[in-house]
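The values are calculated or read from the model by the stated rules, or taken from the named source; none is laboratory data. Quick caveat: nothing in here was measured; it's all calculated off a predicted structure. So basically every Cβ, Gly included, is an ideal-geometry build from the backbone, and we count neighbours across all protein chains shown. SASA here: full protein model, heavy atoms, side chains in, ligands and nucleic acids out. Shrake-Rupley method; radii C 1.70, N 1.55, O 1.52, S 1.80 Å.
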Amino acid sequence: MDSQTLLRLDREHVWHPCTQQKDHETLPPIPIERAEGVYLIDKAGRRYVDAVSSWWVNLFGHNHPRLNDALKTQIDKVSHHIFAGFTHEPAVELASRLCALAPAGLNRVFFTDNGSSAVEAALKMSFQYWQQTQRPQKTKFLSLTDAYHGETVGALSVSGCSLYRDIYRPILLEGFQVQGPDCFRCPYGLKRDTCQSPCFEALEQLVSDRHREIAAIIVEPLLQAAAGMRIYPPNYLCKLRELCDRYDVHYIADEIATGFGRTGKMFANNHAGVSPDLMCLSKGITGGTMPLAVVLATDRIYEAFYGDYVDLKAFLHSHSYTGNPLACAVAVEVLNIFEQENILGSLADKEALLADNRSRFEALPHVGEVRQLGMVWAVEMIKTQEGKIPYAWQDRMGLEVYKQALERGVILRPLGNVIYCMPPLTTPESVLQEVLDVAFEAIVEVTRL
Ligand code: PMP
């Protein structure tokens with residue numbers, strides 16, 4: 001199909017996510033034909049650095065020979081089969097290796113097929129756990145403002161980004177929400193690196209008052225990604241774990257974005273040395289090749305669902321593609337690559353490169369903050385330094401930077417006034433430098449007026 005026909009049919013029939021369809025009149029979607037390492041390549045042969053890992057899923061580059069081989073090998077055995085009453089080696093191997101890697105105590109793995117559905121399953125598991133352990137009044141979930149946990153109704157209910165959520169408010173679950181940490185505009189005037197998270201007090205107070213009704217607290221550990229790559233300190237998670245223990249409330253860690261090395265460690269919880277009761281993983285789990293998600297649970301939670309048929313305790317939650325063998329086989333290969341290619345060990349130099357570029361961005365008059373956590377890097381642009389006044393959302397500053405970078409062959413993504421990169425973990429340093437140089441030029445260009 002030639003490009004023109006493709007774009008015409010796209011305009012006529014395809015409903016793209018997260019896009020004002022009308023924007024396609026001025027900025028049509030780019031038809032991608034193939035990919036190679038960190039590059040997406042369009043039909044005209046133009047190469048784009050995928051510096052956002054295609055929405056944070058890609059870990060080791062596109063068209064990866066080892067991941068492709070794992071898929072090809074599995075496809076010749078079986079692509080998919082029912083996972084109720086049947087099992088297969090890739091799922092079993094993946095589950096046992098994830099448990100060995102995960103924070104201590106997470107010994108059970110439940111399979112779903114995307115991040116939102118993993119969050120739904122975790123919320124239901126927590127709720128049902130309390131129903132089956134004589135605490136049926138624990139029915140509500142507590143989450144943070146500006147959190148993002150997915151778009152399905154349950155996941156959206158515990159999300160806080162008003163842009164995604166407000167219109168659906170009448171159909172969302174009732175729960176509790178407390179102010180999340182906002183280190184850039186810290187109300188206490190503290191610094192992220194040295195503070196002891198006094199902002200945790202609001203959460204502590206609410207849990208102390210209402211813990212009898214609260215089943216679980218769900219957070220994105222250390223990084224509220226969709227909120228604008230907001231980063232907060234590990235001691236917040238330590239306090240959260242302690243609070244959950246004190247009041248018998250589950251801690252659900254949504255590591256869908258942070259898992260698999262993005263933050264410099266395998267999981268963000270490792271920075272704090274804490275173990276959640278339930279942990280959701282997706283995105284990087286298959287290195288960006290197949291949809292797959294899991295919920296890891298403690299034995300304590302699992303056992304509350306264990307019983308005779310007549311006890312009616314089972315977790316009656318399933319998806320047709322649960323435990324898909326292709327996805328599991330490629331996820332096992334992802335773990336092999338982590339293990340055999342020293343991926344985590346190779347990140348320090350790349351992280352240092354990102355950090356070394358910080359000061360030149362900070363010197364720009366409209367850069368409010370440069371944030372970095374492992375391989376996650378973001379710049380928040382502001383209208384004035386005095387009072388950290390943001391640009392109006394209608395200015396679409398992030399989008400303007402995105403467009404400038406795209407013209408220069410680099411895919412960054414905007415989140416309001418924030419522009420970020422979250423490149424594949426194997427991105428060569430020369431390409432990382434190019435990404436930062438392009439981001440710099442694009443920000444200068446857009447903010448100079
Ligand atoms: N939780 C977090 C922290 C996420 O970043 C995302 C996706 N951006 C989700 C949940 C939802 O995952 P999915 O898009 O696969 O439904």
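Among 82-89, 59-66, 284-291, 442-449, the peptide with the highest mean count of other Cβ atoms within 10 Å heads the list, and the full ranking is 284-291, 59-66, 442-449, 82-89. Considering only C-alpha atoms, what is the centroid distance from the range 132-185 to the range 280-335, in Å? The distance from the Cα centre of the range 132-185 to that of the range 280-335 comes to 23 Å. Counted over the chain, the DSSP beta bridges are approximately 70% antiparallel.
Taking every alpha-carbon pair under 8 Å whose residues sit at least 6 apart, the range 69-340 reaches a relative contact order of 29 percent. Placing +1 on each Lys and Arg Cβ and -1 on each Asp and Glu Cβ, with no other charges, gives the range 69-340 a dipole about its Cα centre of roughly 420 debye. Taking all protein chains in place and a 1.4 Å probe, what share, in percent, of the accessible surface of the chain do carbon and sulfur account for? That fraction is 53 percent. Straight-distance candidates among the lysines for linking to Lys388, with alpha-carbon spacing under 25 Å and chain neighbours fewer than 8 residues away dropped: Lys191, Lys403. Note that the chain presents 46 Å² accessible area per residue, ligands and nucleic acids not counted, probe 1.4 Å. The range 353-378 and the range 390-434 have Cα centres lying 12 Å from one another. Computed over the range 1-57, relative contact order equals 21 percent, with contacts defined as Cα pairs under 8 Å that lie 6+ residues apart.
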